[in-house]
Amino acid sequence: MKRLIYLLLAAIILPSLASASIVIYSDQPVSNSTTPQSYKYNQNYIYWAVSAVRSDPQTDWDIGLYSDSGCIQIVAGSSYIAGYVDFVVSDYNHSPTEWDGVRVNQYNGTGSCRVEYEDNTEMLTAPGNTGTLTWPADHIAHAWDVYLLAGTTYDFSLANISGSVDFGIALFQSNGAAYYAGRSSATKASDYSGPGEDETFSFTAPTTDYYGFILWANNAETGTFNVFIQTPPEIRSDHPLFITDSSQNRKFNQTNIYWAVGAVRSDISTDWDISLYADSNFTQFQAGSSYLAGTVDFVVSDYNHSPTGVHGLRANRFSGSDGCRFEYEDGVESIIPPQTTSVLTWPAGHVAHIWDVYMVSGTTWTFTVNNVSGSVDYGMALFNSNGAAYYAGRSSAQVLADDNGPGGSEIFTYTATATDYYGLVVWANNDEGGTFTIDAQNDPVLISENTFYNIVNNRNFV
């Protein structure tokens, strides 16, 4: 509020600056080091529009929106702290098209900024997707109109296809009247994941209207992306989401004849559970996991024996108020003992990964997840389907190790009861990244200075 008052006072006290507005054109970001700096644009399209400012993490630039080209009559503002993109939106489906103004002001710090105004005639189809689009380097924000029906729930997802752009997404509604607003007035928003990651939220439309969907970049990188609007949405393998809405239904198309895992991780104050369904309508329950807050819940499927196709995962918040990490993972990776993997990377923010392990009935193997670097808090479990269609939660593991904390390694021994592909799940109890190996040997490999706390009987190490 104080910053909005400052913007208003600046327009009154500094009329010479207000009259010196620079014309800014849609989709053409500009660099700026002058404070305050006024811009004006000629709004021709009856669509949503966005104006945004982005600076370095040590400098705080704010932005105001004005209903005149001289930047006198302020109608909206955005004044987040340094490190955040500030933006303002206008719904020109209901607001008058004309010359309007934006002003940026350096609240603190010494760095420059980039400013962008964007307006076009682009529409999102609900349900539907944009197809693969390119985000140019140095661009800040983009706006789409999306027509939503009252009472319908939509799931919006930003799928980051390539590159390391750090995207954020938001949805605005004007309720059928002239409307101008800052970033904080978004009806829904998601800006939780990092560079190269996905964003998502769910929204139930209260009225039938054209809503404004805003996509912005927290950094100056380039990349490709796709915006999905689905009912329900799809979750992509190896692309963890941070979700805040409960319950959250996600479908996945299982094509690989391998094991797969779905997992949720939250903090110790919030309890999220997970369920697996045979269908994307979420009517045929197959398995669930519902441990207490602070424990990673996951479900597994053995698609060596279970039918592939479109299935569903549901994440539900049982208690607390915070969000969670939500991941589905399916690949074509396998381990055939005796084997030690190469050094593998665990990306920060990921929740769970699964491998197929081929074992012969009656053979005994010791499995170790060895922490090589970093402070990931690993857990490890093994599942056996006994040659039939199989779906299970965490509690159904044949053997499990989750004892040694951040930076530690985990170990267990198992004797195969059937010749088959087993499912080996490794998960992270925290958001850290690091490197590791998986060892499946008669005698485990002990590396670095890791201490194991769950060893039973005599054990040889090599």
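The values are calculated or read from the model by the stated rules, or taken from the named source; none is laboratory data. What you see is a predicted model; the values in this text were computed from it and never measured. Quick reminder, even Gly has a Cβ in these numbers, built from the backbone with ideal geometry, and neighbours come from all protein chains shown.
If I ask for residues that are in a loop (DSSP other than H, G, I, E, B) and either surrounded by 13 or more Cβ atoms within 10 Å (Cβ to Cβ) or touching a His at 6+ places or on another chain (Cβ under 8 Å) (or both), which ones from the range 138-156 would you list? First the steps, then the outcome.
Taking the range 138-156 first, the residues in a loop (DSSP other than H, G, I, E, B) are 138-140, 149-152.
Listed by number, the residues that qualify are D138, H139, I140, T152.
Answer yes or no as to whether D91 is modelled with pLDDT of 95 or more, closer than 27 Å to E221 by Cα and not hydrophobic (A, V, I, L, M, F, W, C). If you could, list the steps in order and put the result at the bottom.
On the way: modelled with pLDDT of 95 or more: yes; closer than 27 Å to E221 by Cα: no; not hydrophobic (A, V, I, L, M, F, W, C): yes.
Spelling it out, it is not the case that D91 is modelled with pLDDT of 95 or more, closer than 27 Å to E221 by Cα and not hydrophobic (A, V, I, L, M, F, W, C).
Conditions (1) crowded, with 16+ Cβ neighbours inside 10 Å; (2) at positive phi, marked per residue:
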| site | (1), (2) |
| --- | --- |
| V376 | yes, no |
| G379 | yes, no |
| L382 | yes, no |
| A388 | no, no |
| Y391 | yes, no |
| G405 | no, yes |
| I411 | yes, no |
| A418 | no, no |
| D431 | yes, no |
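Somewhere in the range 275-283, is a residue in contact with a strand residue (DSSP E or B) (Cβ under 7 Å, 6 or more places away or on another chain), at pLDDT below 95, closer than 30 Å to W144 by Cα and assigned to a loop (DSSP other than H, G, I, E, B)?
yes
Would a scan of the range 311-323 turn up a residue that is out of contact with any strand residue (DSSP E or B) (no Cβ under 9 Å at 6 or more places or on another chain), over 22 Å from N371 (Cα atoms) and either of a type in the set (S, T, Y) or not in a loop (DSSP other than H, G, I, E, B) (or both)?
Yes: the range 311-323 contains one or more residues that are out of contact with any strand residue (DSSP E or B) (no Cβ under 9 Å at 6 or more places or on another chain), over 22 Å from N371 (Cα atoms) and either of a type in the set (S, T, Y) or not in a loop (DSSP other than H, G, I, E, B) (or both).
Considering only residues of the range 104-128 that are β-branched (V, I, T) and assigned to a strand (DSSP E or B), which is nearest to L215 (Cα to Cα)?
So the first thing to find is which residues in the range 104-128 are β-branched (V, I, T), and the list is 104, 110, 115, 121, 125.
Restricting the remaining residues to those that are assigned to a strand (DSSP E or B) gives 104, 115.
Details: V104: 20, V115: 15 Å.
Among those that are β-branched (V, I, T) and assigned to a strand (DSSP E or B), it is V115.
Looking at (1) assigned by the TED database to the domain that holds L133; (2) within 13 Å of the chain's Cα centre (by Cα); (3) among the acidic types (D, E), find the lone condition where D245 falls short.
(1)
Might you check whether a residue that is assigned to a strand (DSSP E or B), under 30 Å from E98 (Cα atoms) and modelled with pLDDT of 95 or more occurs anywhere in the range 220-229? Walk me through it before giving the result.
Initially, the range 220-229 is screened for residues assigned to a strand (DSSP E or B), giving 223-229.
Now restrict to residues that are under 30 Å from E98 (Cα atoms): 227.
After this cut, where a residue has to be modelled with pLDDT of 95 or more as well, the list is 227.
Yes, there is a match, as at least one residue in the range 220-229 is assigned to a strand (DSSP E or B), under 30 Å from E98 (Cα atoms) and modelled with pLDDT of 95 or more.
Could you check, for the range 349-363, whether at least one of its residues is among the small types (G, A, S), buried (at least 22 other Cβ atoms within 10 Å of the Cβ) and part of a strand (DSSP E or B)? Even if it seems obvious, please write down each step before you answer.
Taking the range 349-363 first, the residues among the small types (G, A, S) are 349, 352, 361-362.
Now narrow it down to the ones that are buried (at least 22 other Cβ atoms within 10 Å of the Cβ): 352.
So of that shortlist, the ones also part of a strand (DSSP E or B) come out as 352.
Yes, the range 349-363 has at least one match.
Taking S385, is it at pLDDT 95 or above, of a type in the set (S, T, N, Q) and assigned by the TED database to the domain that holds F326? Break it down stepwise before answering.
On the way: at pLDDT 95 or above: no; of a type in the set (S, T, N, Q): yes; assigned by the TED database to the domain that holds F326: yes.
In short, no.
Of all residues in the range 285-300, which are hydrophobic (A, V, I, L, M, F, W, C), under 22 Å from the mean Cα position of the chain (by Cα) and modelled with pLDDT under 95? So that I can check it myself, show each step before the final result.
Of all residues in the range 285-300, those hydrophobic (A, V, I, L, M, F, W, C) come to 285, 287, 292-293, 296, 298-300.
Add one more test, that the residue is under 22 Å from the mean Cα position of the chain (by Cα), and what stays is 293, 296, 298-300.
A293 - this is the single residue of the range 285-300 that is hydrophobic (A, V, I, L, M, F, W, C), under 22 Å from the mean Cα position of the chain (by Cα) and modelled with pLDDT under 95.
Identify the residue in the range 313-332 that is crowded, with 22+ Cβ neighbours inside 10 Å and of a type in the set (A, V, I, L, M) and, among all such residues, is nearest to D267 (Cα to Cα).
Across the range 313-332, the extreme among qualifying residues is A315.
Name the single residue that is farthest from Q441 (Cα to Cα) among those in the range 324-342 being under 24 Å from the mean Cα position of the chain (by Cα) and either in a strand (DSSP E or B) or among the hydrophobic types (A, V, I, L, M, F, W, C) (or both).
Per the stated criteria, the residue is C324.
Taking the options V300, V296, V264, V310, name whichever one is among the hydrophobic types (A, V, I, L, M, F, W, C) and surrounded by fewer than 16 Cβ atoms within 10 Å (Cβ to Cβ). Steps first, please.
Details: V300 fails: surrounded by fewer than 16 Cβ atoms within 10 Å (Cβ to Cβ); V296 fails: surrounded by fewer than 16 Cβ atoms within 10 Å (Cβ to Cβ); V264 fails: surrounded by fewer than 16 Cβ atoms within 10 Å (Cβ to Cβ).
None of the others qualify; the one that does is V310.
Need pairs with beta-carbon distance below 8 Å; first residue outside any strand (DSSP E or B) and within the range 157-170, second surrounded by 24 or more Cβ atoms within 10 Å (Cβ to Cβ); sequence gap 6+ or separate chains.
If the second residue must be surrounded by 24 or more Cβ atoms within 10 Å (Cβ to Cβ), the pairs left are V165/A217; D166/A217.
Scan the range 248-261 for residues that are more than 17 Å from the chain's Cα centre (by Cα) and surrounded by 17 or more Cβ atoms within 10 Å (Cβ to Cβ) and jot them down.
First, pick out the residues of the range 248-261 that are more than 17 Å from the chain's Cα centre (by Cα): 253-261.
Answer for the range 248-261, where residues must be more than 17 Å from the chain's Cα centre (by Cα) and surrounded by 17 or more Cβ atoms within 10 Å (Cβ to Cβ): Q254, Y258, W259, A260, V261.
Note down all Cβ pairs under 7 Å where the first residue falls in the range 357-370 and is touching a residue at least 40 places away in the same chain (Cβ under 8 Å), the second is part of a loop (DSSP other than H, G, I, E, B) and surrounded by 21 or more Cβ atoms within 10 Å (Cβ to Cβ), and they're at least six residues apart or on different chains.
T366/P444; T368/S409; T368/P444; V369/S409; N370/S409
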